[in-house]
Amino acid sequence: QAGEGDFNLTDVLRYPGVVEVPEQDVDLISQDLLAAFDQVVEEFIAMRQREGEKIHTLLIQRLEAINEEQQKVRSKMPEILQWQRERMLQRFEEVQLQPDPQRLEQELIDVAEELDRLQLHVKETQNILRKGGAVGRKLDFMMQELNRESNTLASKSINVDVTNSAIELKVLIEQMREQIQNLE
């Protein structure tokens, strides 16, 4: 039990003047908070702008590289088709068959359509980037289209150079797709 000389800390804190809570200027605190919030928002917007510019540059570089790969394959196609034609004719000779020239041309694998579509998709993607705004979904769709053409190109590949270009296209498209995930 507490005796006469004992005191309780809680009782001491209740004495007038022991604990004094200074009045705070709520308006000043609100102004400081709003100013700090405005600064954070401005810094966030600036950071997003810088990030967007870096992603834009990366995407443009990758699109240019895709164009270069598609042009590389296109430039080699006459040689590849000639090689394929000679190879098929040699096989026909080996089995002593006379091929139908029209049928032979149909059997030759040509990837011109895929290359044309790749080129169109690259141009459309560049247009989307030029227009700006909320482009994330549009670019995501274009990556699917680019990927579809690179897959078809890879499946039709009859030459190591075309295969290498198809693989490079897939790498470039994947790099772009990863960056597009960061866009709105």
Region 157-172 - phi-based ³J(HN,Hα) in whole Hz, Karplus 6.51/-1.76/1.60, Gly and Pro as x: 4, 10, 9, 4, 5, 5, 4, 4, 5, 4, 5, 4, 4, 4, 5, 4
Phi-based couplings in Hz for region 52-69 (Karplus 6.51, -1.76, 1.60; Gly and Pro marked x): x, 5, 5, 5, 4, 4, 4, 5, 4, 4, 5, 5, 5, 5, 5, 4, 5, 5
With each run of n ≥ 4 DSSP H residues scored as -39500 (n - 2.57), what mean residue ellipticity at 222 nm is computed for the chain after dividing by its residue count and rounding to the nearest 500 deg cm²/dmol? -27500 deg cm²/dmol
Helix 136-156 axis, angle to the chain major axis (alpha carbon atoms, nearest 10°): 30 degrees
Looking at Ser75, Val160, Gln61, which one has the Cα that reaches farthest to the positive end of the dipole of region 56-184 (charges on Cβ: Lys, Arg +1; Asp, Glu -1)? Gln61
Which one, (i) 125, 45, 19; (ii) 51, 44, 23; (iii) 47, 39, 37, gives Cα extents along the principal axes in Å as derived from the coordinates shown? (i)
Local net charge near Leu120, Cβ-Cβ under 12 Å (Lys/Arg +1, Asp/Glu -1): -4
So what J values fall out for region 92-98 if you push phi through Karplus, 6.51 cos²θ - 1.76 cosθ + 1.60 with θ = phi - 60°, rounded to Hz, Gly and Pro as x? 5, 5, 4, 9, 6, 10, 9
How would you rank 162-170, 90-98, highest first, on the average number of other Cβ atoms within 10 Å across their residues? 162-170, 90-98
Build a GNM of the chain with springs between Cα atoms under 10 Å: which of Pro16, Pro101, Pro78 gets the top mean-square fluctuation? Pro16
Nearest 20 debye, what's the magnitude of the dipole of the chain about its Cα centre given +1 on Lys and Arg Cβ and -1 on Asp and Glu Cβ? 1360 debye
For the chain, the percent of accessible surface on carbon and sulfur atoms (probe 1.4 angstrom, ligands and nucleic acids excluded) is 51 percent
Once Lys and Arg are counted +1 and Asp and Glu -1 for all other residues with Cβ under 10 Å from that of Asp161, the total becomes +1
Length-normalised contact order of the chain in % [C-alpha pairs under 8 Å, at least 6 apart]: 25 percent
Quick check: net charge around Glu68, other residues with Cβ under 11 Å of its Cβ, Lys/Arg +1 and Asp/Glu -1? 0
Principal-axis tilt of helix 112-131 within the chain, Cα atoms, nearest 10 degrees: 30 degrees
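The values are calculated or read from the model by the stated rules, or taken from the named source; none is laboratory data. Being a predicted model, the structure only gives us computed values, none of them experimental. Positions of Cβ are generated from backbone atoms using ideal geometry, with glycine treated the same way; all protein chains shown enter the neighbour counts. For the accessible areas, the whole protein counts, side chains as well, though only heavy atoms, and no ligand, DNA or RNA atoms are used. Shrake-Rupley method; radii C 1.70, N 1.55, O 1.52, S 1.80 Å.
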